[in-house]
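The values are calculated or read from the model by the stated rules, or taken from the named source; none is laboratory data. Here the structure is a predicted model, which means the values were calculated and not measured. Neighbour counts run over all protein chains shown; Cβ positions are idealised from the backbone, glycine included. Heavy atoms of the whole protein, side chains included, go into the accessibility calculation; ligands, DNA and RNA do not. Shrake-Rupley method; radii C 1.70, N 1.55, O 1.52, S 1.80 Å.
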Amino acid sequence: MTKQNKPLAGKLALVTGASRGIGAATAVALAAQGAHVVITARSAKELEAIEQQIFDAGGSATIAPLDLTETDAIARLAAAVGERWKALDVLVLNAGMLGTLAAVPAIDAKELAAVLTLNVSAQVALIQAFDPMLKQSDAGRLIAITSSVGRKPRAYWGAYGASKAAMDTLITAYGDEVGEISRIRTAIVDPGATRTVMRARAYPGEDPASVKEPGVVAARIVALALDGFENNHFERVEG
(Lines give C-alpha, C1' and ligand atoms only; values in the text may rest on other atoms or scores of the structure.)
Protein backbone atom coordinates (compact mmCIF):
# COMPACT_ATOMS: atom_id res chain seq x y z
CA MET A 1 0.00 0.00 0.00
CA THR A 2 1.58 3.27 -1.11
CA LYS A 3 1.27 6.53 0.76
CA GLN A 4 -1.08 7.82 -1.93
CA ASN A 5 -3.70 5.13 -1.33
CA LYS A 6 -3.54 5.03 2.45
CA PRO A 7 -6.92 6.48 3.45
CA LEU A 8 -5.70 8.01 6.72
CA ALA A 9 -2.65 9.72 5.21
CA GLY A 10 -2.33 13.20 6.65
CA LYS A 11 -4.59 12.35 9.59
CA LEU A 12 -3.67 12.38 13.27
CA ALA A 13 -4.75 9.71 15.74
CA LEU A 14 -4.16 9.39 19.47
CA VAL A 15 -4.45 6.04 21.25
CA THR A 16 -4.30 5.64 25.03
CA GLY A 17 -3.14 2.44 26.69
CA ALA A 18 -1.14 1.78 23.53
CA SER A 19 1.81 -0.16 24.94
CA ARG A 20 0.15 -3.58 24.55
CA GLY A 21 -3.08 -5.45 23.77
CA ILE A 22 -5.92 -3.72 21.97
CA GLY A 23 -4.31 -0.29 22.21
CA ALA A 24 -1.03 -1.40 20.65
CA ALA A 25 -2.78 -3.35 17.89
CA THR A 26 -5.01 -0.35 17.14
CA ALA A 27 -2.05 2.02 16.95
CA VAL A 28 -0.24 -0.29 14.52
CA ALA A 29 -3.38 -0.72 12.41
CA LEU A 30 -4.10 3.02 12.24
CA ALA A 31 -0.51 3.73 11.24
CA ALA A 32 -0.75 1.08 8.53
CA GLN A 33 -3.59 3.11 7.02
CA GLY A 34 -1.42 6.23 6.94
CA ALA A 35 -2.28 8.04 10.16
CA HIS A 36 0.41 9.57 12.31
CA VAL A 37 -0.30 8.00 15.69
CA VAL A 38 0.43 9.50 19.09
CA ILE A 39 0.68 6.58 21.50
CA THR A 40 0.44 6.94 25.26
CA ALA A 41 0.95 4.61 28.20
CA ARG A 42 3.00 4.55 31.38
CA SER A 43 5.85 2.38 30.06
CA ALA A 44 8.26 4.23 27.77
CA LYS A 45 10.10 0.99 26.94
CA GLU A 46 6.94 -0.76 25.76
CA LEU A 47 5.83 2.29 23.78
CA GLU A 48 9.21 2.42 22.07
CA ALA A 49 8.75 -1.18 20.96
CA ILE A 50 5.37 -0.34 19.40
CA GLU A 51 6.81 2.79 17.81
CA GLN A 52 9.59 0.70 16.25
CA GLN A 53 7.04 -1.81 14.96
CA ILE A 54 5.17 1.05 13.30
CA PHE A 55 8.36 2.51 11.84
CA ASP A 56 9.48 -0.88 10.52
CA ALA A 57 6.17 -1.17 8.67
CA GLY A 58 6.66 2.24 7.06
CA GLY A 59 4.36 4.19 9.38
CA SER A 60 4.92 7.12 11.70
CA ALA A 61 4.26 7.59 15.40
CA THR A 62 5.12 9.72 18.39
CA ILE A 63 5.40 8.26 21.88
CA ALA A 64 4.08 10.09 24.94
CA PRO A 65 4.90 8.15 28.12
CA LEU A 66 2.68 9.35 30.96
CA ASP A 67 0.33 8.32 33.72
CA LEU A 68 -3.13 9.60 32.83
CA THR A 69 -4.06 9.79 36.51
CA GLU A 70 -1.29 12.24 37.40
CA THR A 71 -2.31 15.84 37.98
CA ASP A 72 -1.88 17.92 34.80
CA ALA A 73 -0.58 14.95 32.75
CA ILE A 74 -3.42 15.16 30.25
CA ALA A 75 -3.22 18.94 30.01
CA ARG A 76 0.51 18.65 29.25
CA LEU A 77 -0.18 16.03 26.60
CA ALA A 78 -2.84 18.16 24.92
CA ALA A 79 -0.59 21.20 24.97
CA ALA A 80 2.28 19.27 23.36
CA VAL A 81 0.05 17.76 20.68
CA GLY A 82 -1.65 21.09 20.04
CA GLU A 83 1.68 22.82 19.46
CA ARG A 84 2.48 20.46 16.59
CA TRP A 85 -0.92 19.74 15.03
CA LYS A 86 -4.09 21.75 14.50
CA ALA A 87 -6.63 18.93 14.41
CA LEU A 88 -7.09 15.50 15.96
CA ASP A 89 -8.95 13.12 13.66
CA VAL A 90 -9.20 9.94 15.74
CA LEU A 91 -9.14 9.63 19.54
CA VAL A 92 -9.20 6.07 20.88
CA LEU A 93 -9.89 5.88 24.61
CA ASN A 94 -8.52 2.46 25.44
CA ALA A 95 -6.60 2.86 28.72
CA GLY A 96 -8.35 1.26 31.67
CA MET A 97 -7.84 -0.47 35.01
CA LEU A 98 -9.52 -3.71 36.07
CA GLY A 99 -8.92 -3.57 39.80
CA THR A 100 -9.55 -6.52 42.08
CA LEU A 101 -12.66 -8.57 41.37
CA ALA A 102 -14.60 -8.58 44.63
CA ALA A 103 -18.08 -8.66 46.11
CA VAL A 104 -19.46 -5.16 46.61
CA PRO A 105 -19.16 -5.30 50.45
CA ALA A 106 -15.49 -6.24 50.03
CA ILE A 107 -14.48 -3.53 47.54
CA ASP A 108 -11.43 -1.62 48.76
CA ALA A 109 -12.24 2.08 48.85
CA LYS A 110 -8.78 3.22 47.80
CA GLU A 111 -8.66 0.83 44.87
CA LEU A 112 -12.17 1.84 43.81
CA ALA A 113 -11.02 5.46 43.77
CA ALA A 114 -8.07 4.49 41.56
CA VAL A 115 -10.32 2.57 39.14
CA LEU A 116 -12.75 5.47 38.88
CA THR A 117 -9.92 7.97 38.45
CA LEU A 118 -8.50 6.21 35.40
CA ASN A 119 -11.66 4.73 33.90
CA VAL A 120 -13.89 7.76 34.39
CA SER A 121 -12.16 10.97 35.48
CA ALA A 122 -9.20 10.60 33.13
CA GLN A 123 -11.55 9.88 30.22
CA VAL A 124 -13.48 13.08 30.93
CA ALA A 125 -10.21 15.00 31.13
CA LEU A 126 -9.11 13.59 27.77
CA ILE A 127 -12.37 14.62 26.14
CA GLN A 128 -12.14 18.09 27.63
CA ALA A 129 -8.52 18.52 26.60
CA PHE A 130 -8.93 17.29 23.01
CA ASP A 131 -12.45 18.55 22.24
CA PRO A 132 -11.09 21.68 20.50
CA MET A 133 -8.78 19.62 18.27
CA LEU A 134 -11.50 17.10 17.45
CA LYS A 135 -13.73 19.99 16.39
CA GLN A 136 -10.99 21.17 14.01
CA SER A 137 -11.09 17.85 12.16
CA ASP A 138 -13.15 17.36 9.01
CA ALA A 139 -14.46 14.16 10.58
CA GLY A 140 -13.45 13.81 14.23
CA ARG A 141 -13.91 10.31 15.62
CA LEU A 142 -13.94 9.44 19.31
CA ILE A 143 -13.94 5.67 19.93
CA ALA A 144 -14.04 4.35 23.49
CA ILE A 145 -13.40 0.79 24.63
CA THR A 146 -15.95 -0.53 27.11
CA SER A 147 -16.95 -3.87 28.65
CA SER A 148 -20.13 -5.91 28.68
CA VAL A 149 -20.22 -5.66 32.48
CA GLY A 150 -20.87 -1.94 32.11
CA ARG A 151 -24.22 -2.72 30.46
CA LYS A 152 -25.04 -6.01 32.17
CA PRO A 153 -23.82 -6.09 35.80
CA ARG A 154 -22.16 -9.27 36.99
CA ALA A 155 -21.27 -10.57 40.45
CA TYR A 156 -17.79 -9.52 41.61
CA TRP A 157 -17.37 -7.12 38.70
CA GLY A 158 -19.16 -4.23 40.41
CA ALA A 159 -16.30 -1.76 40.61
CA TYR A 160 -15.05 -2.22 37.07
CA GLY A 161 -18.58 -2.47 35.68
CA ALA A 162 -19.64 0.72 37.42
CA SER A 163 -16.66 2.57 35.98
CA LYS A 164 -17.47 1.42 32.45
CA ALA A 165 -21.16 2.25 32.85
CA ALA A 166 -20.18 5.76 33.91
CA MET A 167 -17.77 6.11 31.00
CA ASP A 168 -20.42 4.91 28.51
CA THR A 169 -22.89 7.47 29.84
CA LEU A 170 -20.37 10.29 29.53
CA ILE A 171 -19.35 9.30 25.99
CA THR A 172 -22.98 9.12 24.89
CA ALA A 173 -23.80 12.46 26.50
CA TYR A 174 -20.81 14.05 24.75
CA GLY A 175 -21.96 12.55 21.46
CA ASP A 176 -25.39 14.12 21.93
CA GLU A 177 -23.83 17.47 22.79
CA VAL A 178 -21.56 17.72 19.75
CA GLY A 179 -23.50 15.71 17.18
CA GLU A 180 -25.52 18.64 15.85
CA ILE A 181 -22.87 21.34 16.15
CA SER A 182 -19.75 19.61 14.85
CA ARG A 183 -18.51 16.79 12.65
CA ILE A 184 -17.49 14.74 15.69
CA ARG A 185 -19.01 11.29 15.97
CA THR A 186 -18.66 9.00 18.98
CA ALA A 187 -18.62 5.22 19.20
CA ILE A 188 -18.41 2.72 22.03
CA VAL A 189 -16.82 -0.64 21.26
CA ASP A 190 -17.18 -3.70 23.47
CA PRO A 191 -14.24 -5.90 22.45
CA GLY A 192 -15.70 -9.09 23.90
CA ALA A 193 -13.36 -11.89 24.96
CA THR A 194 -9.90 -10.84 23.73
CA ARG A 195 -6.37 -12.07 24.43
CA THR A 196 -5.08 -9.29 26.69
CA VAL A 197 -3.21 -8.99 29.97
CA MET A 198 -6.39 -7.72 31.63
CA ARG A 199 -8.30 -10.74 30.38
CA ALA A 200 -5.62 -13.06 31.72
CA ARG A 201 -5.88 -11.43 35.13
CA ALA A 202 -9.64 -11.80 35.19
CA TYR A 203 -9.63 -15.39 33.88
CA PRO A 204 -6.30 -16.93 34.99
CA GLY A 205 -7.35 -20.48 34.09
CA GLU A 206 -8.41 -19.67 30.56
CA ASP A 207 -6.44 -20.88 27.56
CA PRO A 208 -5.36 -17.66 25.80
CA ALA A 209 -5.63 -19.41 22.45
CA SER A 210 -9.36 -19.88 23.03
CA VAL A 211 -10.10 -16.15 22.61
CA LYS A 212 -9.44 -13.79 19.71
CA GLU A 213 -6.32 -11.71 19.24
CA PRO A 214 -6.34 -7.93 19.84
CA GLY A 215 -5.87 -7.38 16.13
CA VAL A 216 -9.45 -8.47 15.48
CA VAL A 217 -10.73 -5.62 17.66
CA ALA A 218 -8.21 -3.20 16.17
CA ALA A 219 -9.49 -4.00 12.69
CA ARG A 220 -13.01 -3.01 13.71
CA ILE A 221 -11.80 0.23 15.29
CA VAL A 222 -9.90 1.14 12.14
CA ALA A 223 -12.94 0.25 10.02
CA LEU A 224 -14.99 2.70 12.06
CA ALA A 225 -12.35 5.38 11.61
CA LEU A 226 -12.35 4.77 7.86
CA ASP A 227 -15.99 4.17 7.05
CA GLY A 228 -17.72 6.48 9.48
CA PHE A 229 -20.77 5.61 11.55
CA GLU A 230 -23.93 7.05 13.01
CA ASN A 231 -23.32 9.15 16.10
CA ASN A 232 -23.28 7.26 19.41
CA HIS A 233 -22.65 4.00 17.62
CA PHE A 234 -22.28 0.87 19.74
CA GLU A 235 -21.00 -2.53 18.75
CA ARG A 236 -19.62 -5.70 20.28
CA VAL A 237 -16.79 -7.43 18.47
CA GLU A 238 -17.45 -11.14 18.24
CA GLY A 239 -15.08 -13.81 17.04
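Here are some notes:
- Enumerated strands (runs of 3 or more DSSP E) restricted to segment 1-86, each holding at least 1 residues that are in contact with a Lys or Arg (Cβ under 6 Å, 6 or more places away or on another chain): none
- Test: residue in segment 144-162 that is open to solvent by 20 Å² or more (accessible area, probe 1.4 Å) and closer than 22 Å to Gly82 by Cβ: no
- Residue within segment 48-66 that is surrounded by 19 or more Cβ atoms within 10 Å (Cβ to Cβ), out of contact with any His (no Cβ under 9 Å at 6 or more places or on another chain) and farther than 23 Å from Gly21 by Cα present: no
- The set of residues from segment 10-23 being open to solvent by 10 Å² or more (accessible area, probe 1.4 Å), of a type outside the set (Val, Ile, Thr) and farther than 14 Å from Ala139 by Cβ comprises Gly17, Ser19, Arg20, Gly21.
- Arg84 being touching a Pro at 6+ places or on another chain (Cβ under 9 Å) and either farther than 22 Å from Ser147 by Cα or buried (at least 18 other Cβ atoms within 10 Å of the Cβ) (or both): no
- Residue match in segment 175-188 (condition: touching a His at 6+ places or on another chain (Cβ under 6 Å), touching a residue at least 12 places away in the same chain (Cβ under 8 Å) and open to solvent by less than 20 Å² (accessible area, probe 1.4 Å)): yes
- In segment 191-204, the residues that are open to solvent by 40 Å² or more (accessible area, probe 1.4 Å) and either of a type in the set (A, V, I, L, M, F, W, C) or farther than 17 Å from Trp157 by Cβ (or both): Arg195, Val197, Met198, Ala200
- Answer residue from segment 87-106, given it is under 20 Å from Asp168 (Cβ atoms) and assigned to a loop (DSSP other than H, G, I, E, B) and is farthest from the chain's Cα centre (by Cα) among those: Leu101
- For Ile181, the test of being in contact with a helix residue (DSSP H, G or I) (Cβ under 9 Å, 6 or more places away or on another chain) and either farther than 29 Å from Ala139 by Cβ or assigned to a helix (DSSP H, G or I) (or both) is failed.
- Tabulated pairs, segment 114-135, first open to solvent by less than 30 Å² (accessible area, probe 1.4 Å), second of a type outside the set (A, V, I, L, M, F, W, C) and assigned to a helix (DSSP H, G or I), C-beta under 6 angstrom, 6+ apart or interchain: Val115/Ser163; Asn119/Ser163; Val120/Ser163; Ile127/Tyr174
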